[in-house]
Structures are given as structure tokens and as C-alpha cells.
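Please read the structure below before turning to the comments.
Please treat every number below as a calculation from the coordinates, not as lab data. Please read these numbers as outputs of a predicted model, since none were measured by experiment. Using ideal geometry, Cβ is built from the backbone for each residue, glycine included, and neighbour counts are taken over all protein chains shown.
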Amino acid sequence: MLSLMYVSMAQPGITAEELDALVVQSAAHNTQLEITGLLAYNSLSFMQLLEGEGTAVLDVMRHIERDPRHSGITYIRQDTREKREGPDWSMRSL
């Protein structure tokens, strides 16, 4: 299983409603792909953990890299793990 963590600068002005919609949409998509993870947001930046089958995780990252809400993506970790850190998190948000 691939475990990938990144940080990115957030597009200024993201509203709480937009963030909620992003989390709901991501959770539904991640469930279909059997990806689990965590999304943290602090009005300046995102930090996200994605875990799942390697190809699926990398496909999600390619989508995120094209998303205008993210810029300056920095990968913190990308490795293979035996167990998920959040096995029940389709997209946990903080």
C-alpha cells in the first residue's frame, strides 16, 4: 500500500462551504478507490495524507496537482506501508 503525504499553499479566500464540499466530494471519490486519508487546512495551507493502492493514490495526486486551490506542492513522504494510519478515514478533515 502506498502512503503519500504532502503540503501545499492554499488558494486565498476558500470559504468554509467550499472546504466542506471538497471534503464530501473527496470522501465519496476516495471510498470508490479504496483510498483513506486525512486533510488538514489552516486558511494558508493544506496538508494531506493519502493511503491506498499505488496507482489510485498517484492518480488522485495528479488531479490535486492540477487543482487551482493548491500551489507549491511539497511531498513530505511517499513510501510503502503494511498498515494504514487511518483505515476508516475515507477523508478525515481537520
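See the values below:
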read-out	value
Cβ pairs under 9 Å, 6+ apart, first in region 74-85 and of a type in the set (S, T, N, Q), second surrounded by 11 or more Cβ atoms within 10 Å (Cβ to Cβ) and part of a loop (DSSP other than H, G, I, E, B)	Thr80/Met1
Qualifying residue in region 20-31 (condition: in contact (Cβ under 8 Å) with a residue 60 or more places away in the chain, more than 15 Å from Arg84 (Cβ to Cβ) and more than 14 Å from the chain's Cα centre (by Cα))	no
From the options Glu51, Glu17, residue that is charged (D, E, K, R) and in contact with a helix residue (DSSP H, G or I) (Cβ under 8 Å, 6 or more places away or on another chain)	Glu51
